[in-house]
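Derivation of every value follows stated rules applied to the coordinates shown; laboratory data play no part. Just so you know, these numbers come straight off a predicted model, no measurement behind them. Backbone-built Cβ (ideal geometry, glycine too); neighbour counts: all protein chains shown.
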Amino acid sequence: MDVNMGNVLGLVFANMHDMTVGDLTKNRTMGSILFGGRYRLIDFPLSNMVNSGITNVGVITKSNYQSLLDHLGSGREWDLSRKKGGLYILPPFGNVASRIYRGRIEALYGAMSFIKHALADYVVLSDCDIVTNMDFKPIVAKHVESGADITVVAHTGVYDSEVIKESTVLSTDENGRVRSVLIQPDIGGTCTASLNIFVMSKQFLTDMVTDAISRGNVSFETDILQAKCGELNIMAYEYDNYFSKISSIASYLKANQELLDPENASKLFLPKRAIYTKVRDNAPVKYDLDSSVTNSLIADGCIIEGEVENSVLFRGVRVAKGAKVKNSILMQGTVVGAKSEVNYLITDKNVIIGDNHILNGAPSYPMFVGKGASV
Amino acid sequence: MFNKKECVAMLLAGGQGSRLYALTQTVAKPAVPFGAKYRIIDFPLSNCINSGIDTVGVLTQYQPLVLNEYIGNGQPWDLDRIHGGVHVLPPYEKASGASWYSGTANAIYQNINFIERYDPEYVVVLSGDHIYKMDYNKMLTYHKQKEAAATIAVLDVPKEEASRFGIMITDADDNIIDFEEKPKNPRSTLASMGIYIFTWSKLKAYLIANENDKEASKDFGKNIIPDMREAGEKLVAWRFDGYWKDVGTIDSLWEANMDLINPNIPIDLYDPAWKIYSRNPVMAPQYIGKNAVVQNSMITEGCYIDGSIEFSMISDGVTVEEGAVIYDSILMPGCVVKKGAKVEYAIVGENSVIGEGAQIGARPENITDKDTWGVAVVGHNLKISAGATVAPKAIISEDM
């Protein structure tokens, strides 16, 4: 079935799941968490929307959004600086009725005038906790074809209980229709977990939100998906491509390190469906005479004089002579001083580690150093 | 009516760059990749915006397609301005007829109307084939202080190299009293860098006079500057003491690339106050694999490196497979070097593929007859089959 993606509005929730990675969202939204050497998490849903032909996108945000605004600018880097459609940032207090929202329903209610005025019949909603290269076109086509009220993108697989604790779990019948919903259950093993990406018609969305607000409902998951799965036609769309879900600092480390497998990276960074991000005009990476780098992802602007192994280095990281970096994620502007050794370390932006230090974390509990700290 | 601009830059980017052979068969020289993530023209364009000059005319003629697309609306250099910005200026047909740019001076002459729209006091004339970081505003301040008609940027070069350049002979106050082109016995060591600032009203008059002289060769160095000197205009030299290199030949292009990884050469690409901007390729960070050895090199986004890289410049989207060796070489965007291939003292053009076990170029220490040694060049979009050998100094412009 062919669908006109120009008729689809995109909505990205920048702040959902902020609390699951509290260290990383202290000064920023979930959407503005740095990822994969040169990206922020919101780059993935935004690029996926643009690459799927959705060019009218609203970003709903709540708090801590200064870094998000700085990152998005006019939206030009995602080709979303447009006269028709383009990028809209929807902060709280956007109109008299909106306020700091408590759940997805209130967030949508705050953006209602934007949604109503959008020239679109369908809406794709996405959070920022899933890192993937997703084409929304077949999903919207399936939604239209199935006549569902809501389509939930989900993946059936074996999950850790740690991940499921932060997920919505669906039970479906043989046709893929959702029959029951568990929210953040304490289970593990094989299950169908929502990827927090939804498709609805605009009409259904606006009616649903208006109705829910009048009843004092605020949670989309509890008050709609769970409470009304018998009454509404809610379909699960099974998504099988590569993705990773960020729901803790350990899963953040794992998701970054998975990119060190070229097989995974090749499923995320497709030449014809590029992931866009803000350009910083860094110079290329400079490797010194004594450097040794293996199995690592290195972004431009880095200067490497020491050893780097199994790590992800963001833009402008410096690794001084004799330093050893292993199994670590070093964000933008981190400096590792001479002869310092770090292992399973995550540094936020602009961390300075002096000379001759040893910092060790563990795979299940990586050590984290906050933004701008000096060690 | 446009806002007045004090100073407009005109960048000469129309030359064929024939001494770069296979590398400029399909692209103009200013669009040739340089320094892993740049193209040559990024340097003058970045210098313009960093110097506060936001109106730039780029004069193109030879193979302009890649260059036009690269410059686009000028946004990567912050040159997408409401007034001014960067404009690509190819020759065009006028009511009086059409003609190609017949020389550097003629190219500016044909665009007098473009310059006049901004009503500038001064015009900077730049080349599209130099690698350097320069604050044109300092040169402009000097030009104003000296109340000169023309200021020429000069570099004090070693005496033994002076005969490769146009040499300026100056008095004690750096007024230019004479000049000589590539002299056998140079009378001075001040080499012209091909960077000029003119007081526009003066330049305009000389351009028109030169155009009316049917015998003239319509060139700045051969006509405009000598004409101004003969007429007694004030010509001054402005001394520049940073890094500057003309990359008009295979050897100088290779050397200038290698200069970027030489700690003793003073050109800093990591200075946040003077960034060199370029059009971003939108690619993932580079991946350095489990078998990789990378030392003393520069590598940029989108690369997959699992071989050995030393003393080399690797542009965006390059693949170097396991066991391949890249030594003292330049790989331009999108190249693939297959398993076990060796690339030594070579330049490989964009999107070319070097087959398994092929040998491109050689190290000078492995060559007995030094006269036969030189940098090997593989042009753009070529395939070198597995096991093939490209001799040092060879220039390849067809598949082999």
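From the square roots a ≥ b ≥ c of the eigenvalues of the alpha-carbon gyration tensor of the range A:5-268, which class results: rounded (a/c under 1.5), prolate (a/b over b/c), or oblate?
rounded
As a footprinting exposure proxy, order A:M367, B:M298 by other Cβ within 10 Å, with the fewest listed first.
A:M367, B:M298
By the scheme Lys and Arg +1, Asp and Glu -1, what is the net charge of all other residues having a beta-carbon under 13 Å from that of B:E147?
Summing Lys/Arg as +1 and Asp/Glu as -1 gives +1.
Of the DSSP beta bridges with both residues in chain B, give the percent that are antiparallel, rounding to the nearest 5.
30
Would you tally the net charge around B:D369, using a Cβ to Cβ cut-off of less than 15 Å, leaving B:D369 out, and scoring K and R as +1, D and E as -1?
Overall, the nearby charge balance is +1.
With n ≥ 4 as the cut-off for DSSP H runs, can you work out [θ] at 222 nm for the protein assembly as shown, using -39500 (n - 2.57) per run divided by the number of residues, rounded to the nearest 500?
Computed ellipticity for the protein assembly as shown at 222 nm equals -5000 deg cm²/dmol.
Pull up the cross-link candidates among the aspartates and glutamates for A:K62, meaning alpha carbon to alpha carbon under 19 Å and not fewer than 8 places away within one chain.
A:D18, A:D23, A:D43, A:D70, A:E106, A:D127, A:D129, A:E221
By count of other Cβ within 10 Å, fewest leading, how are A:T172, A:T61 ordered?
So the ranking, lowest neighbour count to highest, is A:T172, A:T61.
Given the options A:K84, A:K137, A:K349, which has the most mean-square fluctuation in a GNM of chain A, springs set between C-alpha atoms less than 10 angstrom apart?
In this elastic network of chain A, the residue with the biggest mean-square fluctuation among A:K84, A:K137, A:K349 is A:K84.
So how compact is chain B: Cα radius of gyration and Dmax in angstrom?
Reported Rg and Dmax, both Å: 22.1, 68.
List the lysines whose alpha-carbon lies under 19 Å from that of A:K165, not counting same-chain residues fewer than 8 positions away?
Of all the lysines, those that pass the test against A:K165 - Cα under 19 Å, at least 8 places apart if same chain - are A:K245, A:K254.
Between the helical axis of B:200-212 and the dominant principal axis of chain B, each derived from Cα atoms, what acute angle in degrees is found, rounded to the nearest 10?
90
Can you put A:T25, A:T210 in order of Cβ neighbours within 10 angstrom, beginning with the fewest?
A:T210, A:T25
Can you return the lysines within cross-link range of B:K202? Criterion is Cα-Cα under 23 Å, with same-chain partners fewer than 8 residues away left out.
Cα-Cα hits under 23 Å: B:K4, B:K5, B:K138, B:K144, B:K146, B:K214, B:K218, B:K222, B:K234.
Angle check, please: helix B:136-146 long axis (alpha carbons) against the longest principal axis of chain B (alpha carbons), in degrees 0 to 90, nearest 10.
Relative to chain B, helix B:136-146 is tipped by roughly 30 degrees.
Could you compute Rg(Cα) / (2.2 N^0.38 Å) for the range A:286-369, with N its residue count?
0.92
Among rounded, prolate and oblate, which fits the protein assembly as shown when a ≥ b ≥ c are the square roots of the eigenvalues of its C-alpha gyration tensor, a/c under 1.5 means rounded, and a/b larger than b/c means prolate?
Judged from the Cα gyration tensor, the protein assembly as shown comes out prolate (a/c at least 1.5, a/b above b/c).
Which residue fluctuates the most in chain B, going by a Gaussian network model with Cα springs under 10 Å, if the choices are B:G103, B:G307, B:G57?
Residue with maximal mean-square fluctuation among B:G103, B:G307, B:G57: B:G103.
Shape of the range A:253-323 from its Cα gyration tensor (a ≥ b ≥ c, root eigenvalues): rounded if a/c is under 1.5, otherwise prolate when a/b > b/c, or oblate?
oblate
Can you list, bin by bin at 5 Å, the percent of alpha carbon pairs in the range B:20-136, starting at 0?
2, 10, 20, 24, 22, 14, 6, 2, 0
Only bridges with both residues in the protein assembly as shown count here: give the DSSP antiparallel percent, nearest 5.
In the protein assembly as shown, DSSP labels about 35 percent of beta bridges as antiparallel.
Can you tally the net charge around B:T249? Count Lys and Arg as +1, Asp and Glu as -1, for every other residue whose Cβ sits under 15 Å from the Cβ of B:T249.
0
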